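The values are calculated or read from the model by the stated rules, or taken from the named source; none is laboratory data. For clarity, every value in this text was computed on a predicted model and none was experimentally measured. Here the Cβ positions follow ideal geometry from the backbone for every residue, glycine too, while neighbour counts run over all protein chains shown. Just the protein is used for accessible areas: all its heavy atoms, side chains included, with ligands, DNA and RNA removed. Shrake-Rupley method; radii C 1.70, N 1.55, O 1.52, S 1.80 Å.
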Amino acid sequence: MVPHGRVHPAAATSSSDFSGEMNQSAASSDPSSSPLYSFHFEKPVPPTAQPPPSDALRYHQQQPPPAAGTYVVQMPKDKVFRVPPPENARLFQHYSRRAKRRASCSCVRVCSWLLLALLVLAVVLAVLAAVVYLVFKPRQPDYTLQSLAVSGLVGILGNASSSSSSTAPVTFSPEFDATIRADNPNDKIGVHYEGDGSHVAVSYGGVRLADGAWPAFYQGPKNVTVFVATAKGSGIRFSERFLREIAADGRLRSVPFDVDIKLPVRLQLGGVKTWAVPVSVRCTVAVDRLAADAKVVSKSCNVKVRFLFWKN
């Protein structure tokens, strides 16, 4: 028998991989003359190459066998939780710093835009103020206290001499009528005086005697208006020192009073009416006597207006 040969029955010889057959009579067509067996030879199949072992398998093969009394537990890889490598921490710090830099950059950008907008707004306001100043040339109004009529203090000089002997204090209700001249020197600016929020106070030696209000009216350009502002007080009691001082000034025929005026005004610039501008006026006036027909001995007024481009 030929080595590595396989013996098959005759019926199995219909395969197309037949390599060779030995027949006793190739030309004979008699089935009785065909051999009982035919021989079929095949090449031996070479052994398949095994893939190289993986790193994990190689690692396990290199590990020594576990000691007696120990157990080896195997579990799926996706169920193993381990500490992240240091590279992850460095990457996290890197991205965190970059996010902080981006946030700081965005904040600096917003602040820069805000400062730029404020600068542009300031420049625009400065240009508008310059245009208004050049076009309208605003000038500060002038105020003069022409006269001050005093009533309700007629008997104060007599009470000053008899105050030491009297036991009951005397109350007074003084009243002052201040005649004020308001001069608007502007050619293109009108002034609206608002009575609401205005205040007129008359005092002597720091002691307030009467309160009143400024009348409301409109003063056109290049206009002079003379009006009377009234201030009243009631139930005022004076100390002996106060009575002696005012009596001494009365004998000198120079009784000084302070008139403080605070009022809001609105400017009329063509067809535009501005916001309320606070005006403060302080006048110091001295009269010769405490009477309705008192004459002004000396007077001076100081005007303060919270407006940037007023010109005296």
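Could you pull out which residues in the stretch 123-156 have an amide N less than 19 Å from a spot 7 Å beyond the Cα of Lys262, following the Cα-Cβ vector? No residue qualifies, since no backbone N sits under 19 Å from the label point. With a simple spin-label model that places each label point 7 Å from the Cα along the Cα-to-Cβ direction, the separation between Arg181 and Asn302 comes to 2.2 nm.
Multiply the residue gap between Gln146 and Ser234 by 0.36 nm, knock off their C-alpha separation, and tell me the result in nm, one decimal place. Please list the in-between numbers first.
Details: separation 88, 0.36 × 88 = 31.68 nm, distance 2.48 nm.
Here the segment from Gln146 to Ser234 would lengthen by 29.2 nm.
Based on protein heavy atoms only, the stretch 203-312 ends up with 57 Å² per residue of surface accessible to a 1.4 Å probe.
For the stretch 177-299, the share of accessible area belonging to carbon and sulfur comes to 50 percent (1.4 Å probe, ligands and nucleic acids excluded). Our summary of shape: the Cα atoms of the stretch 168-312 have principal axis extents of 60, 27, 26 Å, ordered from largest down, in whole angstrom. In this simple spin-label approximation, Leu119 and Leu134 carry label points 7 Å from Cα along the Cα→Cβ vector, and these lie 2.3 nm apart. Here the mean projected area of the convex hull built on the C-alpha positions of the stretch 179-239 is 5.2 nm².
Given the pairs Lys188/Lys222; Lys273/Lys304; Lys137/Lys222; Lys222/Lys273; Lys232/Lys304, which are separated by over 19 angstrom at their Cα positions? From the list (Lys188/Lys222; Lys273/Lys304; Lys137/Lys222; Lys222/Lys273; Lys232/Lys304), the Cα-Cα distance tops 19 Å for Lys273/Lys304; Lys232/Lys304.
What the Kirkwood sum gives for the stretch 242-312 is a hydrodynamic radius of 14.8 Å, with every pair of different alpha carbons counted.
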